[in-house]
Every structure is written in C-alpha cells, then in structure tokens.
Amino acid sequence: MDASSNSETSQDTLYDDIKSFFDSAPPLKDGPDIRGVAGSRIVCVTSGGTTVPLERRCVRYIDNFSSGHRGAASTEYFLKAGYSVIFLNRRGTCQPFCRSLPQDPLLECFEVSKELNVQVRQSHSEVVKRAIGEHCTAVEEGLLLKIPFTTIFEYLQILQLIGMSMKDHGRRAMFYLAAAVSDFYVPWQSMVEHKIQSASGPLDMRLVQAPKMLSVLRKNWAPTAFCISFKLETDSEILLAKADMALKRYNMHAVVANELLTRKEEVIVVTSNEKISVHRGKTEAEADADVESPLIKLLVEKHSAYIGDSDS
Ligand code: PMT
C-alpha cells in the first residue's frame, strides 16, 4: 500500500468515527441561532471543559479541566478589537466581564437597606457598573452571543452548526478553540440508562476515542475561516513538538501552546514559520496585565494579514 492510499484509509476511518459519533449523539434540545450576530469580523471562542457522561440519566461523569478564564478574557479583548463573538462556553465556568467581580457576586456585591431595597455596596459599585454596562452593550448591539454546553455531545454538535453557519463570513470568520475537549467518551448507544450500582463491584468500562473534529472543521465545515487551536501539556519538553504536530496534522493557521502551571503568564504562538512567545505585563496597571491582551492583538494582526491576502 502506498503513502497516499494509507492516508486515504485513515481519512476514511476518521469520517466513519465522526459519523458514528454524530449518529449516536442524543439530539440537541435547541440548536443555536447565530443569525442575530452583527459585525463584519466574527470569532467563535470555545471555553471550558466538556464532560463525558457515564450514565444516560447522568449521576457520574468524567470532566476535563478548564476554569474558562482564557475564553472569557479573550472574548473581552476580541470585542475591544471590533469583533463579534460567539462564546461557546461550559455552563458554570468563567464569563466575560465577570472576572473582576468577587466569587459570589450576588451575596458579596449587594446589600439590603433598612427600607428593604436591594442596592449595590459602595465598595463594589464601580466594578458592578462596568461589568453590567459592558456586558449589556455587547449583547444588545448583537456583538456577543453566549451559547452554553456541558457534554462532549452538545459541544461538538453545536460547534458543527456554528462552523457551517459561519461559512458565509468567508475569511472574516475565526475559530479560537480554547475549550478542553474530552479525548475519550462512552457512545450513547452503549451507555447504561440508570445510575451504575457500586454493589456490583469494581467498575470496568470501555471508553472510545473521541474523533478530533479539527480537520473536518478546517476542510468541510468552515474551510475559509481562520483557525486557531490550543495545545495544553504539563511537560514543557514535549509542548512545542506537540503543537507543531497539531499545526500540520489539522492544518491550523496557528496553535497556541501553553503549559498548565504557567498558562496565565506565557503562551507560545506556533505558526508554519515562527514561534512567538507572548507574555503578560509585569504589573496590574499595565495594559497587557492579562496574557490574553497581547495574545489577541497578535492573532488579530495575523487574521488581518490572512484577510488581506485574499483581497490582493
Ligand atoms: O480555562 P483556563 O483555566 O483559563 O485554561 C485554559 C486552557 C489551558 C484550558 C486553554 O488554554 C487550552 O489549552 N485549551 C485546550 C486544552 C486541550 O484540551 O488541549 P488538547 O491537547 O487536549 O486538544 C488540542 C485541541 O484539539 C484543542 O483546541 C481542542 O479544542 C481540540 N480537540 C480536542 C479533543 C477532541 N476530541 N477534539 C478536538 O477538537
């Protein structure tokens, strides 16, 4: 068998795996409607981790780590840069404009007066005003659409729908895939209905490999969009090699490489001809106090060059 037929076979296997994933997935309750999203440049930011349910009436699940901070912060910087954002986010994770609020905003930011009126505490009034103001403006102007997911089934079905509806935006569309997506899952048809009983002894369960959708996103769903994926590792020795591999294998325009412990301080943007290290500012006061600030600036420049290439 020659190299080209080998790669055709693995391509066929991938398409079979993808088909069986979608065929077996429980249908979405509501499909997303992105028609209301305005603006000439549009980015889909994915954020948070997907879960893998172990039972149909789910009591137990496997989770993928992600606080959602990267996605929420990046969304704010994309909005500042003039993009419309579809924020595909894990329910309960960090949300745009909420990063400077305390852990429990309702209980910590508000108080009840003697007349039983609810009011914002003086100490929090500036952050609350800013968060609500910026969030409302973005939503009301059709610049921010938030779509929640929990399971890998929901995430990948919604990503496919968004991908296909972004086709019309051509090169002005971008995917920024910061979500931590499960690599293994239990197919719906082989999943038990009821809570697994611990009295039955040790749990012996087979997980199937989740198909990587990055190549179909690039090839079929949104072939002209600018696509950025992420590579997370805990071992710095293998990080760049893995990012390079993902760049080539999935034909991404850039891969953002990050290490778990230093992900808030530094990321490395890997493209076909460079590796650019991006750092956050040293002090809170600096404009690039979040690493997402210089990161989004760099990616917006690269996206502009990509759009420009097609104009010339
Ligand atoms: O949310 P925070 O706490 O701020 O942390 C941010 C982050 C560390 C989660 C983020 O910066 C990050 O690195 N996200 C990607 C983590 C990840 O799952 O990496 P991966 O090597 O497993 O996957 C690489 C890429 O393939 C990802 O873009 C993912 O969306 C995609 N993927 C993964 C599995 C799968 N079955 N299909 C996919 O398409």
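Points worth noting:
- Subset of region 252-264 [among the charged types (D, E, K, R) and touching a residue at least 40 places away in the same chain (Cβ under 8 Å)]: Arg263, Lys264
- Reported count of residues in region 33-72, each being in contact (Cβ under 8 Å) with a residue 40 or more places away in the chain, closer than 19 Å to Leu101 by Cβ and surrounded by fewer than 23 Cβ atoms within 10 Å (Cβ to Cβ), is 1.
- So Arg249, is it more than 19 Å from the chain's Cα centre (by Cα) and free of Cβ contacts under 8 Å to residues at least 24 places away in the same chain: no
- Here is the figure for region 22-53: residues that are at pLDDT 95 or above and of a type in the set (A, V, I, L, M) total 4.
- Only one of Asn258, Asn220 that is within 26 Å of Gln160 (Cα to Cα), among the polar types (S, T, N, Q) and modelled with pLDDT of 95 or more: Asn258
- Elements of the type strands (runs of 3 or more DSSP E) sitting completely within region 28-147 and holding at least 1 residues that are more than 14 Å from the ligand (Cβ to nearest atom) and under 19 Å from Ile228 (Cβ atoms): these cover 42-47, 84-90.
- His194 fulfils the conditions (1) within 11 Å of the ligand (Cβ to nearest atom); (2) in contact (Cβ under 8 Å) with a residue 12 or more places away in the chain; (3) more than 27 Å from Tyr15 (Cβ to Cβ); (4) assigned to a loop (DSSP other than H, G, I, E, B) except for a single criterion, (1).
- In the condition set (1) of a type outside the set (D, E, K, R); (2) more than 16 Å from the ligand (Cβ to nearest atom); (3) part of a helix (DSSP H, G or I), Leu161 is compliant with all but (2).
- Applying the condition of being in contact (Cβ under 8 Å) with a residue 24 or more places away in the chain, within 13 Å of the ligand (Cβ to nearest atom) and β-branched (Val, Ile, Thr) to region 267-295 and asking which residue is surrounded by the most Cβ atoms within 10 Å (Cβ to Cβ) yields Val267.
- Note on region 221-242: residues that are among the small types (Gly, Ala, Ser) and farther than 20 Å from Ala305 by Cβ total 2.
- Matching residues, region 207-266, being surrounded by fewer than 18 Cβ atoms within 10 Å (Cβ to Cβ), under 19 Å from Gly170 (Cα atoms), away from the ligand (no atom under 11 Å from the Cβ) and not β-branched (Val, Ile, Thr): Lys219, Asn220, Pro223, Asn251
The values are calculated or read from the model by the stated rules, or taken from the named source; none is laboratory data. Predicted model, so just to flag it, every value in this text is computed and none were measured. Neighbour counts run over all protein chains shown; Cβ positions are idealised from the backbone, glycine included.
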